[in-house]
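Engineer: One structure, as structure tokens, below. Some questions next.
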Amino acid sequence: MPPVDLLLIGIGTGNPDHLTRQAVAAISSADLVLVPRKGPDKADLAEIREAILAGILPAGSARIAAFDMPVREAKAPYGDAVDRWHDAIAARWLGAIEAALPMGGTVALLVWGDPSLYDSTLRIAERLMPSPIRSIRVVPGITALQALAAAHAIPLNGIGEPFTVTTGRQVRAHGWPEGCRTLAIMLDDGTALDALDPEGLTIWWGAYLGMPNEIIDHGALGEVRERIAMRRAEARAAHGWIMDVTLIRRD
Ligand SMILES: C[S@@+](CC[C@H](N)C(=O)[O-])C[C@H]1O[C@@H](n2cnc3c(N)ncnc32)[C@H](O)[C@@H]1O
């Protein structure tokens, strides 16, 4: 395949106004924008991507190519399943690029938030380097953590202190990380908070951050944990999906 220069463009967390001028310029400059189709339960997210593109490229532009996202195996061990899933995604990218841009050129992918944070687009791209992908350029975007801090008007860290960013899976498996005072939890299925002793912990929580249906909550973990679980379950049932992020600080 002729060479491809890849542009990974952070688009923020759902508000079209999160798009930077650098991101708009990068999308405009691409020969092809690859758009994943993720199935009906993620239709809202696809619509956000489409709305972003519609403001920059004309509808039906030949410079936009959709590809179907493969589904990750549910039964295989997590690491193996993710590895095979990434191989499958890389193969879909190749198929879409070969069909829509056989002479090669600049290909853009819109990445939720920023490509550096709990996103595997860079790892998938590495599978296709140095050929056909010969270069990668990243345009940074607003992350869910920044959107959470902004929604609550809080700093992420205490003065001069570190903070830990982890996943719901890690918190469920290992509890509160030793030596940590501030913990951010992403990719949670709603059960991580149950793994924590709430004594002395304060939580700042947000779901659908940056979107019209944004919800936030805050308080002593022991007092608000149940309310957050309820609001989370109701919102998930209403929308069919949820993305939420949590910051917890020990007093
Ligand atoms: C696969 S990670 C992608 C993170 C993204 N790359 C970023 O920079 O924020 C998905 C997780 O990010 C968080 N997230 C992303 N968008 C969000 C939003 N609009 N509101 C709340 N949490 C969000 C959730 O924890 C979700 O499970």
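Engineer: Which semi-axis lengths, in whole Å and largest first, follow from the square roots of five times the eigenvalues of the Cα gyration tensor of the range 1-112?
Structural biologist: Numbers: eigenvalues 113, 70, 31 Å².
For the range 1-112, the ellipsoid semi-axes come out as 24, 19, 13 Å.
Engineer: Can you give me the distance in nm between label points at residue 46 and residue 72, each placed 7 Å from the Cα along the Cα-to-Cβ direction?
Structural biologist: Between residue 46 and residue 72, the simple spin-label model gives 2.0 nm.
Engineer: Give a residue-ordered list of calculated ³J(HN,Hα) values for the range 179-196 (Karplus: 6.51 cos²θ - 1.76 cosθ + 1.60, θ = phi - 60°; whole Hz; x for Gly, Pro).
Structural biologist: x, 8, 10, 10, 10, 9, 10, 10, 6, 9, 9, x, 10, 4, 5, 5, 7, 10
Engineer: With θ set to phi - 60°, apply the Karplus curve 6.51 cos²θ - 1.76 cosθ + 1.60 along the range 16-22 and write out the HN-Hα couplings as whole Hz, x wherever there is a Gly or Pro.
Structural biologist: Result, rounded to whole Hz: x, 6, 6, 5, 7, 5, 5.
Engineer: By how many degrees, between 0 and 90 and to the nearest 10, does the Cα long axis of helix 221-239 differ from the longest principal axis of the chain?
Structural biologist: 30 degrees
Engineer: I'd like the Karplus ³J(HN,Hα) series for the range 69-76: coefficients 6.51, -1.76, 1.60, θ = phi - 60°, whole numbers in Hz, and an x wherever there's a Gly or Pro.
Structural biologist: Result, ordered by residue: 6, x, 9, 6, 4, 7, 8, 5 Hz.
Engineer: With both partners inside the chain, how many of the DSSP beta bridges are antiparallel, as a percent to the nearest 5? Provide the component values of the computation, followed by the final result.
Structural biologist: On the way: 18 of 43 bridges.
Of the beta bridges lying entirely in the chain, close to 40 percent run antiparallel.
Engineer: So for 75, 38, fewest C-beta neighbours within 10 Å to most, what's the order? It would help to have the intermediate numbers written out before the result.
Structural biologist: On the way: 75 5, 38 15.
Starting with the residue having the fewest Cβ neighbours, the order is 75, 38.
Engineer: If one puts a single equal scatterer on every Cα of the range 39-171 and applies the Debye formula without solvent, what log₁₀ I(q)/I(0) results at q = 0.10 Å⁻¹?
Structural biologist: -0.45
Engineer: Moving on to the next point. How large is Rg over Rh for the range 1-67, taking Rg from the Cα atoms and Rh as the Kirkwood inverse mean of 1/r across Cα pairs? Intermediate values should be presented prior to the final figure.
Structural biologist: Working: Rg = 12.2 Å, Rh = 12.8 Å.
Over the Cα atoms of the range 1-67, Rg/Rh equals 0.95.
Engineer: What ranking do 78, 208 get, fewest neighbouring Cβ atoms within 10 angstrom at the top?
Structural biologist: Fewest-to-most Cβ neighbours within 10 Å comes out as 78, 208.
Engineer: At 25 °C and a viscosity of 0.890 mPa s, what translational diffusion coefficient does Stokes-Einstein give for the chain, taking Rh as the Kirkwood radius over Cα pairs? Give it in µm²/s as a whole number. Present the calculation step by step, with values, prior to reporting the outcome.
Structural biologist: Details: Rh = 19.6 Å.
Translational diffusion coefficient: 125 µm²/s.
Engineer: How are the Cα pair distances of the range 120-251 distributed, in percent, across 10 Å bins from 0?
Structural biologist: Percent of Cα pairs in each bin: 11, 38, 30, 15, 5, 0.
Engineer: Next up: For residue 10, what residues show an amide H to amide H distance below 5 Å, using hydrogens built from the backbone and excluding near sequence neighbours?
Structural biologist: Distant-sequence amide H within range of residue 10: 111, 139, 141.
Engineer: Mind putting a number on the dipole of the range 142-251 about its Cα centre? Charges go on the C-beta only, +1 for Lys and Arg and -1 for Asp and Glu, and I need it in Debye to the nearest 20.
Structural biologist: Working: 10 positive and 14 negative charges, 35 e Å.
Once rounded to the nearest 20, the dipole reads 160 debye.
Engineer: Report, for the range 11-116, the % of DSSP beta bridges that are antiparallel, rounded to 5. Show your work: numbers first, answer last.
Structural biologist: Working: 1 of 9 bridges.
Of those bridges, close to 10 percent are antiparallel.
Engineer: To the nearest µm²/s, what D does Stokes-Einstein give for the range 94-185 at 37 °C and 0.692 mPa s, using the Kirkwood radius over alpha carbon pairs as Rh?
Structural biologist: Values: Rh = 16.4 Å.
The calculation lands on 201 µm²/s.
Engineer: Relative contact order for the chain: what is it in percent, counting Cα pairs under 8 Å that are at least 6 residues apart? Intermediate results must be reported in sequence, preceding the final value.
Structural biologist: Working: 427 pairs, mean separation 60.7, N = 251.
It rounds to 24 percent for the chain.
Engineer: Based on the Cβ-Cβ distance from residue 169 to residue 241, what FRET efficiency comes out when R0 is 22 Å, to the nearest 0.05? Spell out each step's value before the answer.
Structural biologist: Details: r = 18 Å, r/R0 = 0.81.
That gives a FRET efficiency of 0.80.
Engineer: Give the Cα extents of the range 210-250 along the principal axes, in whole Å, largest first.
Structural biologist: For the range 210-250, the Cα extents along the three principal axes come out at 32, 20, 12 Å.
Engineer: Among 81, 106, 200, whose Cα projects farthest towards the positive end of the dipole of the chain, with charges put on the beta-carbon of Lys, Arg (+1) and Asp, Glu (-1)?
Structural biologist: So the residue furthest toward the plus end is 106.
We did not get these values from a lab; they are worked out from the coordinates using the rules stated. Since this is a predicted model, take the numbers as computed values, not measurements. Every residue, glycine as well, gets a Cβ built from its backbone with ideal geometry; the counts of neighbours run over all protein chains shown.
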